[in-house]
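The values are calculated or read from the model by the stated rules, or taken from the named source; none is laboratory data. All of these numbers come straight from a predicted model, not from anything done at the bench. Please note: Cβ atoms are built from the backbone with ideal geometry, for glycine as well, and neighbour counts cover all protein chains shown.
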Amino acid sequence: MNILKDTDALSDRPVHVIGGGLAGSEAAWQIARSGVPVVLHEMRPVRGTDAHQTDGLAELVCSNSFRSDDAENNAVGLLHEEMRRCFSLILHTADEHKVPAGGALAVDRDGFSKAVQESLEGHPLISIEREEIAGLPPEDWDSVIIATGPLTSPDLAEGIRQLTGEDSLAFFDAIAPIIHKDSIDFDKAWYQSRYDKGDGADYINCPMNQEQYFGFIDNLIDGDKGEFKDWEKDTPYFDGCLPIEVMAERGPRTLSFGPMKPVGLTNPHDPQTKAYAIVQLRQDNALGTLYNMVGFQTKLTYGEQKRVFRTIPGLESAEFARLGGLHRNTFLNSPKLMDESLRLKARPSLRFAGQITGCEGYVESAAVGLITGRFAAAERLGNPLSSPPETTALGALLSHITGGADEKTFQPMNVNFGLFPLPDELDHRGRPVRGKERKQAQSRRALTHLEAWLNETA
């Protein structure tokens with residue numbers, strides 16, 4: 001699939017994109033596709049972060065999953081499809097580097113990052129500068145996208161705070177461990193996707209009986225946790241990425257109804273015995289040598305992670321390629337501070353994209369980068385761009401960030417059908433459709449409206 005757009009540069013003035021993560025990479029790509037030059041500024045390796053392991057663009061610092069790829073029944077799957085139709089670099093590259101993950105879209109993280117970087121480096125309208133932008137960008141940069149994500153450099157973050165007059169909100173985002181597959185005991189573990197989705201064997205499953213489960217819960221709660229710095233102590237967690245031990249503290253059976261639920265799985269080693277709980281591991285690289293622990297983001301100390309997680313049946317001798325961790329995430333009160341095209345009201349030459357806007361998730365961050373890039377390119381070319389309809393996943397996410405949410409209680413949000421207007425379709429009894437039928441109706445409408453919007457803005 002060729003996702004390049006054959007066009008000459010229509011402007012000599014570049015758009016500056018600060019941050020080479022998913023959002024910044026996607027924004028730069030969309031701008032360049034429109035024929036506008038881009039300078040992409042990435043501070044690594046000049047200045048590292050507590051979460052990144054490499055200097056690569058679009059590095060995935062947490063999970064390798066882009067979550068559900070079901071465009072018919074799942075809002076993030078629908079967002080995938082909308083982004084594909086918008087010639088997304090991130091989704092195209094994810095499709096090229098996917099690994100087995102049932103109904104989800106997961107990628108070989110190293111291959112994915114390398115391919116995104118090569119695409120950006122190879123585009124004639126994109127220049128990549130490895131440098132830290134310390135503080136606010138120069139005034140003569142008349143079009144800037146700040147896509148620095150949860151790990152914005154302190155100097156730039158301080159500049160933004162001074163400009164907006166707002167204290168950025170903050171929460172903790174946790175990272176799950178990654179395990180070498182050859183250290184897993186397959187006399188206890190087995191391959192199977194829940195309800196045999198995907199290829200039917202996309203996950204490794206480790207079963208627990210009731211006694212093992214409650215002992216594990218006690219270990220999670222009692223285990224030594226990482227110490228917080230003074231400035232971190234009052235930072236809340238984001239509910240969509242809670243540490244496994246924080247979930248355990250909410251009730252002894254919380255995990256058995258969450259990431260450790262045993263439904264849709266049968267242990268081939270003991271098919272007559274129903275597991276009380278099951279730990280799942282998902283392939284993390286193309287070679288299939290690394291697997292990450294699904295839902296096991298954690299703030300346990302490294303030593304405690306090894307001790308506690310090796311009590312899981314099948315993981316007694318587990319070797320860890322990466323242990324879990326925790327980093328502070330920051331975001332702006334976007335409904336108050338930004339306009340409908342993601343420009344900062346206090347300085348309209350600045351746009352924001354990605355997690356710093358208050359969206360949550362890989363796909364959502366890239367999606368906001370896609371939208372912001374298109375806004376910036378259209379402005380540079382003198383062709384103002386209308387927002388995608390609120391009936392689309394792109395439009396619903398944008399609307400939430402820029403005004404759909406209450407600025408007094410604004411919190412990061414994954415895309416979900418609750419952000420969409422209700423469909424007009426009725427069921428066979430003449431009543432508004434509900435449940436699965438409602439989601440499918442919202443998805444059909446979204447793709448129809450997206451195509452109309454793309455045709456209008458072509």
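Just a few scattered comments:
- All positions within segment 417-446 that are buried (at least 16 other Cβ atoms within 10 Å of the Cβ) and either at positive phi or outside any helix (DSSP H, G or I) (or both): Phe420, Pro423, Val433
- Filter pass, Glu81 being in a strand (DSSP E or B) and surrounded by fewer than 23 Cβ atoms within 10 Å (Cβ to Cβ): no
- All conditions but one from (1) surrounded by 24 or more Cβ atoms within 10 Å (Cβ to Cβ); (2) part of a loop (DSSP other than H, G, I, E, B); (3) more than 22 Å from the chain's Cα centre (by Cα) apply to Ala377; the one that does not is (2).
- Number of the exception - Ala106 against (1) within 16 Å of the chain's Cα centre (by Cα); (2) part of a helix (DSSP H, G or I); (3) crowded, with 23+ Cβ neighbours inside 10 Å: (2)
- Unmet requirement for Val116, which otherwise passes all of (1) modelled with pLDDT of 95 or more; (2) aliphatic (A, V, I, L, M); (3) buried (at least 21 other Cβ atoms within 10 Å of the Cβ); (4) farther than 18 Å from Gln53 by Cα: (4)
- Total residues in segment 29-45, condition in contact with a helix residue (DSSP H, G or I) (Cβ under 6 Å, 6 or more places away or on another chain) and part of a helix (DSSP H, G or I): 3
- Scanning segment 76-100 for residues that are over 16 Å from the mean Cα position of the chain (by Cα) and not charged (D, E, K, R) yields Cys86, Phe87, His97, Val99, Pro100.
- Exclusive hit being free of Cβ contacts under 8 Å to residues at least 12 places away in the same chain and in the same structural domain as Cys62 (by TED's automatic domain parsing), set Glu131, Glu158, Glu121: Glu121
- Residues within segment 270-329 that are closer than 30 Å to Ser153 by Cα, buried (at least 23 other Cβ atoms within 10 Å of the Cβ) and among the β-branched types (Val, Ile, Thr), tallied: 1
- Flag if Ile133 is in contact with a strand residue (DSSP E or B) (Cβ under 8 Å, 6 or more places away or on another chain), assigned to a loop (DSSP other than H, G, I, E, B), aliphatic (A, V, I, L, M) and crowded, with 19+ Cβ neighbours inside 10 Å: yes
- One residue stands out among those in segment 429-458 that are among the hydrophobic types (A, V, I, L, M, F, W, C) and touching an Asp or Glu at 6+ places or on another chain (Cβ under 6 Å): the one that is nearest to Gly395 (Cα to Cα), which is Leu450.
- Strands (runs of 3 or more DSSP E) (entirely within segment 273-342) containing at least 3 residues that are farther than 22 Å from Tyr203 by Cβ: 325-331
- Any hit, segment 45-53, residues being modelled with pLDDT under 95, surrounded by 18 or more Cβ atoms within 10 Å (Cβ to Cβ) and farther than 29 Å from Leu419 by Cβ: no
- Condition met for Ile356 (crowded, with 24+ Cβ neighbours inside 10 Å and in contact (Cβ under 8 Å) with a residue 60 or more places away in the chain): yes
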